[in-house]
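The values are calculated or read from the model by the stated rules, or taken from the named source; none is laboratory data. Source: prediction; values computed, not measured. A quick note on method: Cβ atoms are made from the backbone with ideal geometry, for glycine too, and the neighbour counts reach across all protein chains shown. The area values use the complete protein model at the heavy-atom level, side chains included, leaving out ligands, DNA and RNA. Shrake-Rupley method; radii C 1.70, N 1.55, O 1.52, S 1.80 Å.
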Amino acid sequence: MRKLLSGYLFRMIKDPVIWILLVLSVIASVYITSISFEELSPVTVLHTDKHLYLGNYNQVYVDAGNAKEYRFESMGVSALDIAQCGVVPIDQDDFDLITYGVQTGSYESWMFNGFLVSLHYASAVLIALVIPVFFGRLFSDGTIKNLVACGYSKRKIYLSALICSFLMDMLMILLNIFVFICFCIYYEWKPPIYLPSSFTALLVEVLIVFNVSAFVVSALFASFRKTATFVAGFLMLAFVFWGSNPLVEFYQEHTVDLNTQTEYAEYSRIAKEYGYNSFESKMDLSTLSSEVYFGDRKIMSANESTLPAALRNTIVTLIYLDPALTVRGELGYGFNNYIFYRNGVSFIELAANVLWIAASTGVGITLFRKRELH
């Protein structure tokens, strides 16, 4: 397999089309990242003549001269504090600063998390083009047939191509990260990065792109046709980029809030007496909703589904099989990667991606081995 992989990579290095697509990947990454940074005005103001106001009553004037004073790097709190604020109790002074202080740390965290869940955009599109263009030639010029004639098994040929596509995925994702780092250096920005949840979100992004690769490679080796592969790639991209999962919408339409006025009154009483920093939010994986605890006591319960048990369990299972579940932002927490990490949703999504990659690979190898090469 090593020789096959070396041969694929050598052909890629010599192929000008691949280099053009890599350049396009960098251009797309620069464009997408620049759009993201346009919304991050407290950071980008550093290199402009613009200004903005911070605070509940716009009481602080911020421009290039003092922008850093209100960023996360100057707050004196950790990235974990930013991530945990409003989720679990933290130091009260840190909570007050993050929640009520004149600062941009929370916004910076939200923007950074948003960047993480957009890493797959350019990479997924370009790999869907690379596979039919590059590997399609292996069929059209007879290379695959020659490899089989030389004694290489179809399984090894397929897996080598898949690994090669994964290496291309990693290269494009690393280019995206490099572009983001360059933007951070230019704007002298130190984003609040809580490494465990950020790394998990990054792994999800990598596996989403791997999933696209696995599906497109499977389509090519099963059909031997570039056109069919382009169509398969388009369908996979449409699925990954779709902003909502119909099953989530259907499930949420059939849930009811079980909390009574008594529970809401108790929640308000505790919040007034002890503050909102006293609560802990936990996601109930079986209902796709959250519960609120005060110490060990449950204050607010998760929503309950009105669907029959069998249908409810089936739908919830299918929802968790969505390889882009958290990326779609439908679970009520937006870009809060820490919540998905803490409650295990990110790990479920990782497992779902691995499952779909394995399924695509298994189907692709099976169909490829059954087909005759002409």
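Structure values in brief
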item: Computed [θ] at 222 nm, deg cm²/dmol, the chain (DSSP H ≥ 4; -39,500 (n - 2.57); rounded to nearest 500); result: -20000 deg cm²/dmol
item: For the chain: Kirkwood Rh in Å [reciprocal of mean 1/r, alpha carbons]; result: 23.3
item: Computed label-point distance, nm, for sites Leu321 and Tyr61 using a 7 Å Cα→Cβ extension; result: 6.0
item: Per-residue ³J(HN,Hα) for the range 145-161, Karplus 6.51 cos²θ - 1.76 cosθ + 1.60, θ = phi - 60°, Hz, x for Gly and Pro; result: 4, 5, 5, 5, 5, 7, x, 6, 6, 5, 4, 5, 4, 5, 5, 5, 5
item: Acute angle (nearest 10 degrees) that the helix 105-116 long axis makes with the longest principal axis of the chain, alpha-carbon atoms; result: 10
item: Size of charge dipole - the chain - debye, nearest 20, with Cβ of Lys, Arg +1 and Asp, Glu -1, no other charges; result: 2720
item: Carbon plus sulfur fraction of accessible area for the chain, probe 1.4 Å, in percent; result: 62
item: Formal net charge of residues neighbouring Leu129 (Cβ-Cβ distance under 14 Å; K, R +1; D, E -1); result: 0
item: Normalised alpha carbon radius of gyration of the range 189-305 [divisor 2.2 N^0.38 Å]; result: 1.63
item: Summed residue charge, Cβ within 13 Å of Ile270's Cβ, Lys/Arg positive, Asp/Glu negative; result: 0
item: FRET E, pair Leu5, Glu69, Förster distance 41 Å, beta-carbon r, rounded to 0.05; result: 0.20
item: Net charge over other residues, Cβ less than 13 angstrom from the Cβ of Arg369 (K, R count +1; D, E count -1); result: +4
item: Under 12 Å between alpha carbons - lysine pairs in the chain that sit 8 or more apart or on different chains; result: 5
item: Probe 1.4 Å, protein heavy atoms only - accessible area per residue of the chain in square angstrom; result: 49
item: Rg/Rh for the range 1-91, where both radii come from Cα atoms and Rh is the Kirkwood radius; result: 1.26
item: Mean projected area in nm² (Cα convex hull; one quarter of hull surface) for the range 18-164; result: 13.3
item: Radius of gyration, Dmax [the range 253-348; alpha carbons; angstrom]; result: 14.8, 42
